[in-house]
Amino acid sequence: MKVVLAYSGGLDTSIIIPWLKENYENCEVIAMAADVGQGEELSPLREKAIKSGASKIYIEDLKEEFVKEAVFPLIKAGALYEGKYLLGTSIARPIIAKRLVEIAEKENADAICHGCTGKGNDQVRFELTIMALNPKLKIIAPWRDWNIKSREEAIDYANSKGIPIPVTKERSYSMDRNLLHLSHEGQDLEDPWNEKKDNLLMICKTPEQAPDKPEYVEIEFEKGIPVKLNGEELDAVDLLTKLNEIGARNAVGITDMVENRLVGMKSRGVYETPGGTILMNAHKELEEICLDRNTSHFKEIVANKFAELAYDGNWYTPLMDSIMAFVNETQRTVSGTVVMKLYKGNCVVAKKKSPYSLHDIDIATFGEDEVYDQKDSQGFIKLFGLPLKVRAMKINDYKEKLIKN
């Protein structure tokens, strides 16, 4: 049997290689590590995977694909899960799973294995992508099969096999990092009454640590896609990387929330998403002047559905394709420049402009103008309020009849 394993070198996937070889006869394990910008050195994973029992390992650079095909579509859609979560983990999984399928097909593998727990959302995201792209591949999920019941037991198993792991029983937060965010779950965070510790954060400064003066950042968009930062044209990866640095030092993008997981439970997570928060806020500010009222309001509905589909792992689906087509159509005129003001965790607009701006100073002014005749509003209000007026008249007529009778 030949299995392609989604390999990160973390606790779960480190122990899966020997477990697969112990539990599946003549099992060949091919590891695949995806570089989506987690910031850690991936080259040591090659030696570690082979020593753990893998026959080979692919280390795939997916950073550009992740930003262009997942992060930027997310920004254009304006999608936030439950109004807070920028979906950093959610949108990375389909990109990784897609490459797993491609490698499995290249290697003529029988199955794909992942290290997601049976309580989490990631198992759904990986498996729905695999089903959508190659339904013939078998899926192995050890956390649903083995006798290991906790991260502490997983650490003990790793130690018994002599496998080095990047966590300890004292600090065993479940973390996921990529170019968009770093997430923290578990341990003391499981109780929402516990305030997060300042030393939890690994990317962002706390508001107290941030500079005492604001920093301004200028972002230029073309059709909803950020292309320049502070006047410098950058590729997608470099732009997000630099925005992460700027946002992090100003404590921007720290989210502490209890979310509704797809699998039916509530779970607390702390997310650090500095660059993505700046991009999301700046893009929304630009849309305010570039989109008409009906499109803007309907797009808010679509954004919620986009977020839900992404969170649930329904990335490669007809509905998501259709939503992305709608979003791309709305972005045809979302071009311009936004300046954001960052200060101790706050990220607010300072100024914005666009050649497609629908905001007309001559019409919107409170001063004297020759464009807008204020008398016209009287007829508009009469027609707009006609249903209310008719309803009130009918109710009054009905009340009078009751009184007479």
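The values are calculated or read from the model by the stated rules, or taken from the named source; none is laboratory data. Please read these numbers as outputs of a predicted model, since none were measured by experiment. These accessible areas exclude ligands, DNA and RNA; they are computed on the full protein's heavy atoms, side chains included. Shrake-Rupley method; radii C 1.70, N 1.55, O 1.52, S 1.80 Å.
Summary table below
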{"item": "Between helix 293-312 and the chain: long-axis angle, C-alpha atoms, 0 to 90°, nearest 10", "result": "20 degrees"}
{"item": "Sequence-separation-based contact order of the stretch 322-364, relative, with Cα cut under 8 Å and 6+ spacing, percent", "result": "32 percent"}
{"item": "Reported label for calculated semi-axes √(5λ) of the Cα gyration tensor in Å given (1) 29, 28, 21; (2) 47, 26, 22; (3) 91, 30, 13", "result": "(2)"}
{"item": "Calculated [θ] (222 nm, deg cm²/dmol) that DSSP helices of n ≥ 4 give over the chain, each run adding -39,500 (n - 2.57)", "result": "-13000 deg cm²/dmol"}
{"item": "Area of Lys68 that stays accessible when all protein chains are in place (1.4 Å probe, Å², to 10)", "result": "110 Å²"}
{"item": "Gyration tensor (alpha-carbon) shape descriptor, the stretch 111-239, a/c threshold 1.5", "result": "oblate"}
{"item": "³J(HN,Hα) computed for each position of the stretch 135-141 - Karplus, 6.51 cos²θ - 1.76 cosθ + 1.60, integer Hz, glycine/proline x", "result": "x, 7, 6, 6, 10, 10, 10"}
{"item": "Long pairs among Lys242/Lys352; Lys299/Lys353; Lys197/Lys266; Lys223/Lys266, criterion Cα-Cα beyond 27 Å", "result": "Lys223/Lys266"}
{"item": "0 to 90° range, to nearest 10: angle between helix 122-133 axis and the chain longest Cα axis", "result": "90 degrees"}
{"item": "Phi-based couplings in Hz for the stretch 182-189 (Karplus 6.51, -1.76, 1.60; Gly and Pro marked x)", "result": "10, 10, 10, 9, x, 6, 5, 6"}
